[in-house]
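**Q** If you scroll down you'll find the structure; I have some questions about it.
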Amino acid sequence: MRGGQRTRHTGRRGDAATASPWQRCVDGRRENDDETQAFPAPILSSRTNPDELLAEIRRTEALITESRADQVKQLILRLQQKQVQQDHRKFRFFKELKAHILPLTNVAFNKSGSRFITGSYDRTCRVWNTATGTELHTLEGHRNVVYAIAFNNPYGDKIATGSFDKTCKLWCAETGKCFHTFRGHMAEIVCLAFNPQSTLVATGSMDSTAKLWDVETGEEVATLAGHTAEVLSLCFNTLGNQLVTGSFDHTVAIWDVSSGRRIHTLIGHMGEISNVQFNWDCSLVVTGSMDKACKLWESVSGKCVATLVGHKEEVLDVCFDLSGQLIATASADGTARVFSATTHQRLVTLQGHAGEISKICFSPQGSRVLTASSDKTARLWDAQSGVCLQVLEGHTDEIFSCVFNYEGDAIITGSKDNTCRIWH
């Protein structure tokens with residue numbers, strides 16, 4: 001669950017992690033004391049020698065045979081071209097959807113961006129066509145607020161909804177049929193995520209636990225117990241073999257998915273955890289907290305490698321860019337910051353909002369940062385210079401959710417004014 005209206009708790013994004021064509025960290029891992037160790041992928045830049053990178057990929061990935069080598073090199077060249085392309089896009093307001101009769105809670109795209117979903121206090125989730133703004137399905141059946149929502153990206157054929165009625169439901173994205181109702185939590189479900197393989201759904205609850213559910217059978221696979229307060233945020237790593245959870249008990253836990261065993265407890269924050277996320281190569285976890293700080297942790301050792309400070313109020317959201325090289329933080333002090341995940345230095349401060357920023361995300365290309373604020377606007381920023389490129393105006397109340405589609409050419413904003421807006 002990414003975003004969500006804030007009642008001073010922030011449920012993380014349950015956008016399911018998107019599997020990459022080149023699972024670098026799959027083959028860069030080794031077993032040691034039953035812990036998976038992931039080795040960072042090489043950094044691709046416009047200056048990277050494509051032949052050297054191809055050779056390194058072939059050394060670590062047996063599936064890249066001689067017959068496929070040229071195809072992989074062409075993909076590398078295309079990625080390099082994308083990196084140097086100047087993004088001068090200006091987003092235009094396309095359509096306002098009065099999506100629900102009661103306030104929205106979250107919005108989420110499928111991978112292609114052709115559809116998006118909205119959750120609401122009206123106990124429903126609705127499926128929308130992005131191109132036309134028309135409603136495709138209303139997913140009805142919950143008996144309380146639908147708070148956490150996600151597509152099973154990259155597939156996009158299933159939807160999970162988590163509710164204050166203590167259940168999670170699994171739906172067919174094409175027909176709106178309910179496949180399963182997951183029952184077992186003793187309190188509200190406030191975050192959820194699919195694993196990258198779309199075989200499991202993880203849910204986090206106000207009952208201080210997370211649970212894993214089998215997508216095929218609808219059965220509970222494991223209860224992840226150990227937190228002493230609400231679990232407000234969770235995220236699978238790219239492999240799907242580990243899950244990280246963040247809690248109101250000020251701690252973060254890393255879990256082994258296959259056994260349900262807690263691998264590490266990350267202790268150091270002095271306030272509630274607002275958000276947690278793995279980077280792409282599975283080597284790092286970033287955490288944001290109400291203690292005004294963001295921390296960076298090694299996933300293998302559980303050690304804190306950096307504390308990113310500077311905000312004057314609570315850190316309400318935090319995220320990596322898709323490459324894992326940048327970290328963005330959003331704060332109740334009305335500013336956002338971009339840090340280097342490598343040097344841990346602050347690169348830019350994004351200033352301009354007149355109210356707290358509750359949601360932040362990078363564009364898929366990593367060149368833009370999108371923020372949502374209580375000042376009724378969303379803003380688009382240059383990630384390198386910190387310059388505000390565009391102000392998305394029109395909502396009449398706080399914007400609590402904003403998200404790019406996978407291509408980065410569409411944005412959805414969700415507001416307490418009971419509407420969401422599509423921007424192309």
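The values are calculated or read from the model by the stated rules, or taken from the named source; none is laboratory data. The model shown is predicted, which means the values in this text are computed figures rather than measured ones. Methodologically, a virtual Cβ is constructed for each residue, glycine included, from the backbone with ideal geometry; neighbour enumeration extends over all protein chains shown. We work out accessible area using only protein heavy atoms, side chains counted, and drop any ligands, DNA or RNA first. Shrake-Rupley method; radii C 1.70, N 1.55, O 1.52, S 1.80 Å.
**Q** Checking the condition modelled with pLDDT of 85 or more and either open to solvent by 30 Å² or more (accessible area, probe 1.4 Å) or not small (Gly, Ala, Ser) (or both), which residue from 35, 66 passes? Lay out the reasoning, then the answer.
**A** Details: 35 fails: modelled with pLDDT of 85 or more.
Matching residue, one of 35, 66: 66.
**Q** Scan segment 398-424 residue by residue and report those that are part of a loop (DSSP other than H, G, I, E, B) and of a type in the set (Ser, Thr, Tyr). It would help to see each step written out before you state the result.
**A** Let us first name the residues in segment 398-424 that are part of a loop (DSSP other than H, G, I, E, B), namely 398, 405-410, 416-419, 424.
406, 419, listed by residue number.
**Q** Check whether at least one residue in segment 131-146 is in contact (Cβ under 8 Å) with a residue 60 or more places away in the chain, closer than 23 Å to residue 179 by Cα and either open to solvent by 10 Å² or more (accessible area, probe 1.4 Å) or in a strand (DSSP E or B) (or both), and report yes or no.
**A** Taking segment 131-146 first, the residues in contact (Cβ under 8 Å) with a residue 60 or more places away in the chain are 133.
Checking which are closer than 23 Å to residue 179 by Cα leaves us with none.
No, segment 131-146 contains no residue that is in contact (Cβ under 8 Å) with a residue 60 or more places away in the chain, closer than 23 Å to residue 179 by Cα and either open to solvent by 10 Å² or more (accessible area, probe 1.4 Å) or in a strand (DSSP E or B) (or both).
**Q** All but one of (1) open to solvent by 20 Å² or more (accessible area, probe 1.4 Å); (2) farther than 20 Å from residue 284 by Cβ; (3) modelled with pLDDT of 95 or more; (4) part of a loop (DSSP other than H, G, I, E, B) hold for residue 395; which doesn't?
**A** (1)
**Q** Identify all residues within segment 319-333 that are open to solvent by 10 Å² or more (accessible area, probe 1.4 Å) and not aromatic (Phe, Trp, Tyr); write none if there are none. Please lay out each step first, then the result.
**A** The first filter runs over segment 319-333 and keeps only residues open to solvent by 10 Å² or more (accessible area, probe 1.4 Å), leaving 320-323, 325-326, 332-333.
Of everything in segment 319-333, those that are open to solvent by 10 Å² or more (accessible area, probe 1.4 Å) and not aromatic (Phe, Trp, Tyr) turn out to be 321, 322, 323, 325, 326, 332, 333.
**Q** What are the residue pairs meeting all of these: first residue in segment 30-59, first residue β-branched (Val, Ile, Thr), second residue open to solvent by 70 Å² or more (accessible area, probe 1.4 Å) and at pLDDT below 50, Cβ atoms under 7 Å, and 6 or more apart or on different chains?
**A** 36/29
**Q** When you go through (1) over 22 Å from residue 80 (Cα atoms); (2) buried (at least 22 other Cβ atoms within 10 Å of the Cβ) one by one for residue 291, which number turns out not to apply?
**A** Failing condition for residue 291: (2).
**Q** Which one of these is open to solvent by less than 10 Å² (accessible area, probe 1.4 Å) and touching a His at 6+ places or on another chain (Cβ under 6 Å): 212, 316, 232? Don't jump to the end; show me each part of the working.
**A** Working: 212 fails: touching a His at 6+ places or on another chain (Cβ under 6 Å); 316 fails: touching a His at 6+ places or on another chain (Cβ under 6 Å).
It is 232.
**Q** Mind telling me which of the residues 258, 233, 247, 299 ends up being within 20 Å of residue 322 (Cα to Cα), more than 15 Å from the chain's Cα centre (by Cα) and at pLDDT 95 or above?
**A** Testing whether each residue is within 20 Å of residue 322 (Cα to Cα), more than 15 Å from the chain's Cα centre (by Cα) and at pLDDT 95 or above leaves just 299.
**Q** Okay, next question. Run down 116, 179 and say which single residue is open to solvent by 60 Å² or more (accessible area, probe 1.4 Å) and either more than 22 Å from the chain's Cα centre (by Cα) or closer than 24 Å to residue 238 by Cα (or both). Don't jump to the end; show me each part of the working.
**A** Numbers: 116 fails: open to solvent by 60 Å² or more (accessible area, probe 1.4 Å).
Just one listed residue meets the conditions, 179.
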